[in-house]
Amino acid sequence: MHDYVNYVNKNSKARIKVSVFFKNLGFIRVYQLCVIILFCLFCSRNTKPSETRGIPYDSQFRDSFTHIYTSSSLQKPLYNILGNHDYRGGFGVSMDLFMILRFLNIVDVFFLDTIPFVDKYFVEPKNHIYDGDDVDVALQLSGEMEIVVGHHTIKSAGHHAGNSKDISHLNKDEAGHINCDTSSGTKKHRGADCESTPINMQLGQLPCLIEIQFMTSGNGSKAWKGDVNERDSLEMKFYYDGQGLMSDIYRNQNYSSFLRWLGHPVTKSDGSLDILVFGDWGRKGGFNQSLVAYQMGIVGEQLDIDFVISVGDNFYDDGLKGDTDSSFEASFLISTLIQVSKNNVLGNHDYRGNVSAQLSEVLTQKDWRWFCRRSFVLCSGMVEFFFVDTNPFVSKYFTDPEDHTYDWSNVLPRKKYISNLLHDLDLEIKKSRATWKFVVGHHGIKTAGQHGVTQELVDQLLPILEENKVDLYINGHDHCLQHIGSAGEIQFLTSGGGSKAWRGDVQPWDPKELKLYYDGQGFMSLHITHSEVKFVFYDISGNVLHQSALSRKSKTFGLF
């Protein structure tokens with residue numbers, strides 16, 4: 001079974017070879033070009049713009065661009081692509097038919113000329129004359145694409161939706177699905193399949209991480225066409241027929257708190273998912289870590305698990321020093337029986353090391369199962385997991401760090417980071433149409449363990465979970481196994497028994513809510529169907545300590 005983690009962190013430094021062939025570029029053409037250039041220079045020195053006509057200075061540029069977008073905030077570079085109306089000009093189109101921009105290695109933006117793909121411009125141009133006789137473009141690309149920008153739509157409910165068929169073949173890879181971080185506007189909540197990137201690539205059979213987002217922002221002036229084509233309501237998130245603009249298209253999780261969307265394929269015929277959850281584990285095999293990992297492998301094989309979730313504190317005591325730290329091999333590669341992807345969030349001990357190391361693609365290259373981000377959303381079939389970086393919420397890590405040093409790079413200023421994260425989380429949960437919504441974090445919201453309740457999460461995160469009727473909150477931090485919950489409310493599950501445990505201290509808690517508290521090592525499994533979620537807690541020997549089920553219809557749970 002292919003796994004998306006095998007591809008998630010491939011080098012995003014895209015490489016491009018663009019071949020442009022010009023016909024009949026002989027001496028006459030060169031001579032004509034020189035004459036035109038001299039004429040342009042002469043006109044620019046001896047005439048005012050208002051006195052020129054078309055070539056070499058078209059007042060349209062001044063009237064539609066220079067004198068319109070004059071706001072000080074818009075005095076930034078403007079990156080353009082050509083539309084079909086631009087091809088009707090008479091002085092030659094730009095020869096940069098494909099351009100790539102890279103911003104601090106955060107995001108790659110690919111500008112693609114879509115005009116030549118539309119058949120009707122060639123076979124039925126009506127009264128229009130298109131300037132494109134000298135262009136023959138062949139594109140060969142390799143690497144990970146982030147954002148693709150073109151003039152024509154691939155998926156649209158707008159006036160020109162019928163033209164999408166001309167470039168629809170860009171949306172299918174001959175070799176199979178590939179990874180796309182984001183591209184222009186809808187997201188389907190189906191989990192198993194997704195569209196491939198809108199460029200033909202020979203990259204082999206690669207599972208898709210995220211479904212392409214198709215976004216249209218074509219209402220800079222004339223609008224209000226009044227005709228909307230039918231579109232699947234599950235796909236259509238927004239349609240506005242008037243003028244406007246779009247902003248904030250990309251924020252990378254390594255530079256902000258943006259919740260990146262990932263997808264995991266559903267492989268079972270009934271659509272069910274089986275998952276193992278554990279945390280607080282990375283001790284180079286010590287404190288029974290190896291035994292827990294061994295038992296996870298046995299149970300994982302019995303359940304035919306789809307993936308594993310780690311709730312943080314992946315490497316003790318102070319995270320990783322770098323992406324070559326031997327602690328990765330010593331603490332992670334011991335779990336050889338578990339050959340599925342492992343989705344990680346960061347714990348407080350991870351923040352005491354080099355955070356970027358755990359987010360690095362280098363670790364995924366060492367072991368394809370590894371995937372770690374600060375915050376992200378994992379959608380698979382009928383369930384969506386919202387992974388939340390809870391560490392910046394805890395005030396004492398900033399005000400009283402004791403003798404520990406925390407790596408807060410790309411988190412500060414803290415208030416803005418937390419504000420962005422809460423805003424994005426609330427927005428994404430509200431947009432979710434998944435049957436089940438689970439939130440995963442390191443710190444506890446309700447716990448009877450040694451660390452106790454994280455009040456900052458109770459004050460700031462819990463209201464969002466309650467308002468959006470989240471089903472489960474899953475955490476670690478306390479080195480125990482725990483289930484707290486009441487009928488009709490969020491169930492709080494702790495699975496922090498990945499290695500060192502047996503703390504021996506239990507905080508008082510309402511026995512009507514506290515369904516399980518086990519002070520030793522172990523892990524948890526989730527069996528998810530459309531109608532029910534079953535969670536089971538295991539000890540280090542594989543014995544079942546506690547099991548319960550949450551029903552979709554009544555949203556109640558029962559012990560069995």
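The values are calculated or read from the model by the stated rules, or taken from the named source; none is laboratory data. These numbers were taken from a predicted model, which means no experiment stands behind them. A quick note on method: Cβ atoms are made from the backbone with ideal geometry, for glycine too, and the neighbour counts reach across all protein chains shown. Note: areas computed on protein heavy atoms with side chains; ligands, DNA, RNA excluded. Shrake-Rupley method; radii C 1.70, N 1.55, O 1.52, S 1.80 Å.
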Inset, instruction - Express the accessible area of segment 456-560 per residue in Å², computed with a 1.4 Å probe while the remaining protein chains stay in the model. - result: 40 Å²
Legend entry - Nitroxide proxy distance, nm - points 7 Å out along Cα→Cβ at residue 290 and residue 540: 1.3 nm
Legend entry - Surface accessible to a 1.4 Å probe, per residue, for the residues of segment 278-370, Å²: 34 Å²
Inset, instruction - Set the Förster distance to 56 Å, then compute FRET efficiency between residue 70 and residue 367 from the Cβ-Cβ distance, nearest 0.05. - result: 0.55
Inset, instruction - Over segment 334-454, with every protein chain in place, what whole percent of the accessible area is carbon and sulfur at 1.4 Å, could you tell me? - result: 50 percent
Legend entry - Long-range HN-HN contacts of residue 151 with modeled amide H, under 5 Å: 114
Legend entry - Long pairs among 342/534; 268/500; 222/416; 155/469; 268/366, criterion Cα-Cα beyond 26 Å: 268/500; 222/416; 155/469; 268/366
Legend entry - Summed side-chain charge close to residue 521 - residues other than residue 521 whose Cβ falls under 9 Å, Lys, Arg +1, Asp, Glu -1: 0
